[in-house]
Protein chains: 2
Amino acid sequence: MRQPDPLDRASPDPSRLSLNTATVKQQWTLAQAIDGCARHGIRGIAPWRDKVAELGLKKSVSLIKNHDLTVTGLCRGGFFTARDWLDDNRRAIEEAHALEADCLVLVVGGLPAGSKDLAHARDRVRECIARILPEARQAGVPLAIEPLHPMQAADRACVNTLEQALDICDVLGEGIGIAVDVYHVWWDPKLEQQIKRAGRKRILGYHICDWLVPTRDLLNDRGMMGDGVIDLPRIRGWVEAAGYAGMHEVEIFSESDWWKRDPDEVLKTCVERHGSCT
Amino acid sequence: MRQPDPLDRASPDPSRLSLNTATVKQQWTLAQAIDGCARHGIRGIAPWRDKVAELGLKKSVSLIKNHDLTVTGLCRGGFFTARDWLDDNRRAIEEAHALEADCLVLVVGGLPAGSKDLAHARDRVRECIARILPEARQAGVPLAIEPLHPMQAADRACVNTLEQALDICDVLGEGIGIAVDVYHVWWDPKLEQQIKRAGRKRILGYHICDWLVPTRDLLNDRGMMGDGVIDLPRIRGWVEAAGYAGMHEVEIFSESDWWKRDPDEVLKTCVERHGSCT
């Protein structure tokens, strides 16, 4: 038998919990989510841009400041397959700047309509990021490539492993890194190695939830921490050993479960499970 | 724009088509599938063991011989998480030997019940294969590790990339290789590189179907060749360039579509699409 890793057992600091607003997207506006975070002692938030737009950017900035929340990321830039990708990413950079977000999360887009050429789609992603990167640097907004699970390669993101994302970072230089979302990368045989490779400099965000068995939907059936099979303490150990000192952002897409519950119950559970299961 | 690869355009030899019986598992017994192959000019077959058991091993061997079909693989050994894995894999090796199968396909199993320790599960897979490999060599049955899609890591196979499978092969030596199933590996940024690494010696099987967008189920929503986004001619080009000269085995799990159709229509479509889309 293996020796248990001491890192597996120490609970994380509760002040490092952050709420990605997708977790309560069906129930709450951004204003309600900000209030919810305050009520439950959650110190960080990662808003989606549609929620920011709904509330208004200025109002969003001031409410988040009033509650002294850290913005662990803005979701999302990327989708370089969209016709207006350049303008849209420029706006996203401006918004992330205004919100003082730790990073702008890039979900890079999948195959262009009608194409089967993954290699070409991937080349294009690198080129598009190179195009927006100078403006992001100028604005002081780090860009975080989020590799998505391979089951989303066709329709959401053709960057599917940390190794692939870090290869892109190596080519592009400063001002770019990765978001490590356990849901997308937990299965990767090279996960520990690539987290180590990324190091403090490249790890811009750490997202948590769980992988359910069975999983009934490719997009919206994520589990609450502790309800699935991901070894969250171990992965956190790797991320921390690599030097990551940022927050732990809960992001749960859950059509048939958490999106149907009382959002205060959802946040209460996030807080509890962050302490006991991650 | 890229130059189209000449390999993308030459149709494959129709005599290289093989039918994995899973493609018509809801409609036909093995005897019916053998007859179906004969009617449609399909020269290879890959039976599942439950179908062999139902017909009887001797009868299966003699019907397949009578129709002069190549057995491109026996599905399946592996599932090292099962209590009786050793006996079961020994029986599978004997059956593959009797059927003169090109290989015994190994679906290695996911996480043991209650475990979140993927690294341990993976170590165990390597140890279990090492245990059965001498008997497989003795019987002249090559073992083919089939990496499954990462979305099946928890419940079906914790070997999820060609790189990982080939690393295991390198440790274990002779008598073991991989089955390249496009459904499981099409997304992999290292696919071309790892197919090249595998070469003629390690590629024991090549399985085709397609990835549908959207995919509605993690297990049983595979597409017919041409109905999805996998660049099948390109991948076949890589496999052939690596020296693979074996058959192209169609394996489609399709609860809501192909398993509901007239099986003769399914086989007719397989033959047509093999010629026009792969």
Taking every residue in B:206-217, how many Cβ atoms of other protein chains lie within 10 Å of its Cβ, on average? 3
For label points placed 7 Å from Cα toward Cβ, what is the shortest-first list of nm distances from B:Lys65 to its copies? 8.5
Over the alpha carbons of the protein assembly as shown, what is the largest minus smallest coordinate on each principal axis, giving the biggest first in Å? 80, 54, 40
Distances in nm, one decimal, shortest first, from B:Asn220 to the same residue in every other copy, taking the label point 7 angstrom along Cα→Cβ. 2.3
Percent relative contact order of the range B:95-226, based on C-alpha pairs within less than 8 angstrom and at least six residues apart? 23 percent
Name the aspartates and glutamates eligible as straight-distance cross-link partners of B:Lys65: C-alpha to C-alpha under 20 Å, and not fewer than 8 places from it in the same chain. B:Asp35, B:Asp50, B:Glu54, B:Glu94, B:Glu95, B:Glu100, B:Asp102, B:Glu249
Which net charge results when you count Lys and Arg as +1 and Asp and Glu as -1 among the other residues whose beta-carbon is under 11 Å from that of B:His184? -2
Per-residue average of other protein chain Cβ atoms inside 10 Å, peptide A:156-163 -> 2
Is the shape of chain A rounded, prolate or oblate, going by the alpha carbon gyration tensor and its root eigenvalues a ≥ b ≥ c, with a/c under 1.5 for rounded and a/b larger than b/c for prolate? rounded
From the backbone phi of the range A:68-76, what are the Karplus-calculated ³J(HN,Hα) couplings (6.51 cos²θ - 1.76 cosθ + 1.60, θ = phi - 60°) in whole Hz, Gly and Pro given as x? 6, 8, 7, 8, 6, x, 10, 10, 8
Based on DSSP H runs of at least 4 residues, each adding -39500 (n - 2.57), what is the mean residue ellipticity at 222 nm of chain B after dividing by all its residues, to the nearest 500 deg cm²/dmol? -13000 deg cm²/dmol
Please compare each pair in A:Lys58/A:Lys260; A:Lys190/B:Lys116; B:Lys25/B:Lys201; A:Lys190/A:Lys260; A:Lys116/B:Lys196 to a cut-off of 28 Å on the Cα-Cα distance and tell me which ones are over it. A:Lys58/A:Lys260; B:Lys25/B:Lys201; A:Lys190/A:Lys260
Take peptides A:10-17, A:173-180, B:125-132 and line them up by average Cβ neighbours within 10 Å, highest first, as a rough protection proxy. A:173-180, B:125-132, A:10-17
Label point 7 Å beyond Cα along the C-beta direction, distances from A:Arg83 to other copies (nm, shortest first): 6.1
Spatially proximal lysines relative to A:Lys59 (Cα-Cα < 16 Å; intrachain offsets below 8 disregarded): A:Lys51
Within 10 Å of each Cβ in peptide B:103-114, how many partner chain Cβ atoms are there on average? Round it to a whole number, please. 1
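Each reported figure results from applying straightforward, stated rules to the coordinates on display, with no laboratory input. Everything numeric here is computed off the predicted structure, so don't read it as measured data. Cβ sites come from the backbone with ideal geometry, for glycine too, and all protein chains shown count toward neighbours.
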